[in-house]
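One structure is given below, encoded as structure tokens.
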Amino acid sequence: MAQLHRHLGVDIGLSGLIKWIRYPVVTSESAGLDVVASVADRFDGAFAHQLLQDCLVLLDSPLSSRDIEVLWLAGTFREFDLERLGIDGREWLRRIADICADRVRGDDASFAPAAATPVVDEAVKEAVGAEISSVGPALEQATAHHAYNPLDGVVPALQRAVDVDPDLAFRLLLRALKGYFVPISELRYERYLALGNELGLGEDVVDDRDFNIWPDLVD
């Protein structure tokens, strides 16, 4: 299902939703659900497929609610703050999944959602894990020590997500870097483009003009 809806010219799935729930920023649960419904309907409902699959993969995984919350908060720069709203991470994904499933049923009344086990290429999994480890110190500094929106545990949550789905973990890594505007080098940026290509992601998924690229930065 997901493979048919990965090339939309924008960030996709959960990472795409995280981007769109920030621009413009929404701060209430009802407004957040309205954004979910709007995003799921994009591209004549095609966006709902990958978003639903991302949610189901995480819900079917051993990741804790806290892990899910941390990954969400990192990408949204805590602007849509599940903690402040009192929303459990797994419950939030269930609500998103329900909205997406309803949208898909609008085109196919017989549709029954089911999580598909991600096909994991061990070499790609190692590559994504290596990128998380490599940028980890900078990401941890930017998140845990941020003056206004501090957030602990981002790197460990991403590392656990790699074991679940390297593709989704990579997209969430990029969204966390963009959310906290972490400086990256041009060399690292080029590696991200190459890794995205290996994962079958369009360049628009990797680079949506939200990166903080420093030409003089050395990896």
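The values are calculated or read from the model by the stated rules, or taken from the named source; none is laboratory data. Predicted model only: the values in this text are computed from it and were never measured. Reconstructed Cβ throughout: ideal geometry from the backbone, glycine too, with neighbour counts over all protein chains shown. Each accessible area value is taken on the protein alone, full model and side chains, heavy atoms only, with ligands, DNA and RNA left out. Shrake-Rupley method; radii C 1.70, N 1.55, O 1.52, S 1.80 Å.
If I filter the range 2-21 for residues that are part of a helix (DSSP H, G or I), aliphatic (A, V, I, L, M), at pLDDT below 95 and open to solvent by 50 Å² or more (accessible area, probe 1.4 Å), do I get at least one hit?
Within the range 2-21 (the criterion being part of a helix (DSSP H, G or I), aliphatic (A, V, I, L, M), at pLDDT below 95 and open to solvent by 50 Å² or more (accessible area, probe 1.4 Å)), the answer is yes, since at least one residue qualifies.
Do you know which residues across the range 162-189 are more than 14 Å from the chain's Cα centre (by Cα), not in a helix (DSSP H, G or I) and not aromatic (Phe, Trp, Tyr)?
Initial filter on the range 162-189 (more than 14 Å from the chain's Cα centre (by Cα)): 163, 181-189.
Restricting the remaining residues to those that are not in a helix (DSSP H, G or I) gives 181-185.
Scanning the range 162-189 gives VAL182, PRO183, ILE184, SER185.
Scan the range 81-134 residue by residue and report those that are surrounded by fewer than 15 Cβ atoms within 10 Å (Cβ to Cβ), in contact with a Leu (Cβ under 8 Å, 6 or more places away or on another chain) and not charged (D, E, K, R).
Within the range 81-134, ALA114, ALA116 qualify.
Residues checked against (1) among the basic types (Lys, Arg); (2) within 24 Å of ASP163 (Cβ to Cβ):
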| site | (1), (2) |
| --- | --- |
| LEU52 | no, yes |
| LEU59 | no, yes |
| ILE87 | no, no |
| ARG94 | yes, yes |
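State whether one or more residues within the range 192-203 are farther than 24 Å from VAL119 by Cβ, at pLDDT 95 or above and not aromatic (Phe, Trp, Tyr).
Going residue by residue through the range 192-203, those that are farther than 24 Å from VAL119 by Cβ are none.
No, the conditions are met nowhere in the range 192-203.
Being part of a helix (DSSP H, G or I), acidic (Asp, Glu) and more than 12 Å from the chain's Cα centre (by Cα) is the filter here; which residues of the range 39-81 pass it?
Keep residues of the range 39-81 that are part of a helix (DSSP H, G or I), which gives 39-40, 46-59, 65-76.
Next cut, acidic (Asp, Glu) only: 54, 67, 69.
Listed by number, the list holds a single entry, ASP67.
With the checklist (1) assigned to a helix (DSSP H, G or I); (2) over 16 Å from GLY75 (Cα atoms); (3) out of contact with any strand residue (DSSP E or B) (no Cβ under 9 Å at 6 or more places or on another chain) in hand, flag the one item GLN159 doesn't pass.
Going through (1) assigned to a helix (DSSP H, G or I); (2) over 16 Å from GLY75 (Cα atoms); (3) out of contact with any strand residue (DSSP E or B) (no Cβ under 9 Å at 6 or more places or on another chain) one by one, GLN159 breaks only (2).
Quick test of your reading of the structure: HIS146 fulfils all but one of (1) more than 28 Å from ARG66 (Cβ to Cβ); (2) in a loop (DSSP other than H, G, I, E, B). Name the failing condition by number.
(1)
How about the range 87-107: which of its residues are among the charged types (D, E, K, R) and farther than 15 Å from LEU17 by Cβ? Steps first, please.
To start, the set of residues in the range 87-107 that are among the charged types (D, E, K, R) comprises 88, 90-91, 94-95, 98, 102-103, 105, 107.
Within the range 87-107, ASP88, ARG90, GLU91, ASP102, ARG105, ASP107 qualify.
Please work out which residue is farthest from ALA142 (Cα to Cα), limiting yourself to the range 62-104 and to residues that are basic (Lys, Arg) and at pLDDT below 95. Reasoning before the result, please.
Let us first name the residues in the range 62-104 that are basic (Lys, Arg), namely 66, 78, 84, 90, 94-95, 103.
The next check asks that each one be at pLDDT below 95; those that pass are 78, 84.
Numbers: ARG78: 13, ARG84: 21 Å.
Restricting to residues being basic (Lys, Arg) and at pLDDT below 95, the top hit is ARG84.
Could you give me the residue pairs with C-beta distances under 9 Å whose first residue belongs to the range 161-173 and is within 14 Å of VAL70 (Cα to Cα), whose second residue is of a type outside the set (Phe, Trp, Tyr) and outside any helix (DSSP H, G or I) wherever it lies, and which are 6+ apart or on separate chains?
ALA161/SER61; ALA161/LEU63
With the requirement that a residue be open to solvent by less than 30 Å² (accessible area, probe 1.4 Å), part of a helix (DSSP H, G or I) and more than 20 Å from TYR23 (Cβ to Cβ), what does the range 190-219 give you?
Result: TYR192, LEU195, GLY196.
Going by the structure shown, is SER110 modelled with pLDDT under 95, assigned to a helix (DSSP H, G or I) and either farther than 26 Å from GLU140 by Cα or of a type in the set (Asp, Glu) (or both)? Don't jump to the end; show me each part of the working.
Numbers: modelled with pLDDT under 95: yes; assigned to a helix (DSSP H, G or I): no; either farther than 26 Å from GLU140 by Cα or of a type in the set (Asp, Glu) (or both): yes.
Spelling it out, it is not the case that SER110 is modelled with pLDDT under 95, assigned to a helix (DSSP H, G or I) and either farther than 26 Å from GLU140 by Cα or of a type in the set (Asp, Glu) (or both).
Cβ-Cβ below 8 Å, separation at least six or inter-chain, first residue in the range 55-73 and under 18 Å from LYS19 (Cα atoms) and of a type in the set (D, E, K, R), second open to solvent by 10 Å² or more (accessible area, probe 1.4 Å) and at pLDDT 95 or above: which pairs?
From the range 55-73, the pairs are GLU69/ASP88.
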